[in-house]
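The values are calculated or read from the model by the stated rules, or taken from the named source; none is laboratory data. Predicted, not measured: the structure shown is a model, and the values here were computed from it. A quick note on method: Cβ atoms are made from the backbone with ideal geometry, for glycine too, and the neighbour counts reach across all protein chains shown.
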Amino acid sequence: MNTASLKTAIVTGGSRGIGQAIAKRLAADGFAVVINFSSNAARAQETVAAIEASGGKAIAIQGDVGNPDNVAALFNGAKQAFGRIDVVVNSAGVMPMAKIRQASLADFDKVIATNLRGAFLVLAQAAAHVEDGGRIIALSTSVIAKSFPAYGPYIASKAGVEGLVHVLANELRGRQITVNAVAPGPVGTDLFLEGKSEEQVRQIASLAPLERLGTPEDIANAVAFLAGPDGGWINSQVLRANGGFA
Ligand SMILES: NC(=O)c1ccc[n+]([C@@H]2O[C@H](COP(=O)([O-])OP(=O)(O)OC[C@H]3O[C@@H](n4cnc5c(N)ncnc54)[C@H](OP(=O)(O)O)[C@@H]3O)[C@@H](O)[C@H]2O)c1
């Protein structure tokens, strides 16, 4: 395949869960995909192999989104591999459950470092490197509207992400680049399922009028819309893809 002509997408947190589904979907839509991951190289390589087996083009690049050198290397690596960057999706994230009390400070610092500092660094590199006419999409969460106990650090991080999205959309005026967030409701990935009993999962799944958990593919559909030609007039929005959970 001639990669010089391919539009390119970077997906952070593309080795597992929602990011993996986004990477596969954007590859199926014709993008060369750069899959970032933190530590799970095997899952990242599986994702690359699955994309290649379907006739797509992908590479994996390790890097912590909270580390400025790693994020710069991710964007440089994408440019070296494919020559251009058209779409950036920041899906890397963590969700420790921690009540608002002194003992939770380490969890707070961790989630802010990955979700908010990570988003800041990825959006900053995206602003510098995405081609005019490109798309930038950050993952937020619909749980912001619920204010459940123990979600404080996570909700704080994602509320910050939504703020960054609106500001960056304004900062990129004149370049025809859209900047949006997709805010999933509960999706059955490691991030959501870890630490929950089957009963808790069933109860949370029943909250949306559509009465099920989201799938990673449900969220990838929303991201693909924003990244593709039909999403071109959507800018500075938060798309709450949640089955009516909010
Ligand atoms: N699942 C849900 O119910 C839900 C709902 C709303 C919003 N979201 C948001 O959707 C996004 C994806 O969540 P998910 O459910 O797909 O999570 P997941 O299945 O736990 O996958 C997390 C991904 O992020 C990567 N990652 C974690 N920390 C990282 C770091 N510091 N630097 C780079 N990559 C890192 C992981 O890489 P490794 O494989 O290397 O560990 C993995 O690829 C997150 O932003 C999350 O907040 C999820």
Exactly one of V161, V89 is within 18 Å of the chain's Cα centre (by Cα) and part of a helix (DSSP H, G or I), and that residue is V161
Only unsatisfied item for I155, checking (1) more than 19 Å from I22 (Cβ to Cβ); (2) aliphatic (A, V, I, L, M); (3) in contact with a strand residue (DSSP E or B) (Cβ under 6 Å, 6 or more places away or on another chain), is (3)
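Name the single residue that is nearest to the ligand (Cβ to nearest atom) among those in the range 19-50 being over 24 Å from H129 (Cα atoms) and in a helix (DSSP H, G or I). Quick ask: steps written out before the conclusion?
Going residue by residue through the range 19-50, those that are over 24 Å from H129 (Cα atoms) are 39-43, 45-47, 49-50.
Next cut, in a helix (DSSP H, G or I) only: 41-43, 45-47, 49-50.
Values: A41: 7, A42: 9, R43: 5, Q45: 11, E46: 10, T47: 9, A49: 15, A50: 14 Å.
Among those that are over 24 Å from H129 (Cα atoms) and in a helix (DSSP H, G or I), it is R43.
Examine the range 94-106 for a residue that is among the small types (G, A, S) and either in a loop (DSSP other than H, G, I, E, B) or touching a Gly at 6+ places or on another chain (Cβ under 6 Å) (or both), and state whether such a residue exists.
yes
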Report the residue count in the range 1-18 for those that are surrounded by fewer than 24 Cβ atoms within 10 Å (Cβ to Cβ), more than 15 Å from the ligand (Cβ to nearest atom) and modelled with pLDDT of 95 or more.
-> 1
Residues of the range 26-45 satisfying the condition of being surrounded by fewer than 22 Cβ atoms within 10 Å (Cβ to Cβ) and touching a residue at least 12 places away in the same chain (Cβ under 8 Å) | A28, D29, G30, S38, S39, N40, A41, R43, Q45
Residue match in the range 145-155 (condition: in contact with a Gly (Cβ under 9 Å, 6 or more places away or on another chain) and not hydrophobic (A, V, I, L, M, F, W, C)) = yes
Search the range 52-69 for residues being part of a loop (DSSP other than H, G, I, E, B) and polar (S, T, N, Q), and hand back the single one that is farthest from the ligand (Cβ to nearest atom).
-> S54
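Quick grid of which residues meet (1) more than 20 Å from the chain's Cα centre (by Cα); (2) assigned to a helix (DSSP H, G or I); (3) exposed (fewer than 15 other Cβ atoms within 10 Å of the Cβ); (4) not β-branched (V, I, T):
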residue: G77; (1), (2), (3), (4): no, yes, no, yes
residue: R117; (1), (2), (3), (4): no, yes, no, yes
residue: D132; (1), (2), (3), (4): yes, no, yes, yes
residue: V143; (1), (2), (3), (4): no, yes, no, no
Residues being in a helix (DSSP H, G or I) and either within 22 Å of the chain's Cα centre (by Cα) or surrounded by fewer than 15 Cβ atoms within 10 Å (Cβ to Cβ) (or both): count how many of those fall in the range 170-203.
-> 11
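Could you pull out the residue among P186, P216 that is in contact with a Phe, Trp or Tyr (Cβ under 7 Å, 6 or more places away or on another chain) and near the ligand (Cβ under 9 Å from one of its atoms)?
Just one listed residue meets the conditions, P186.
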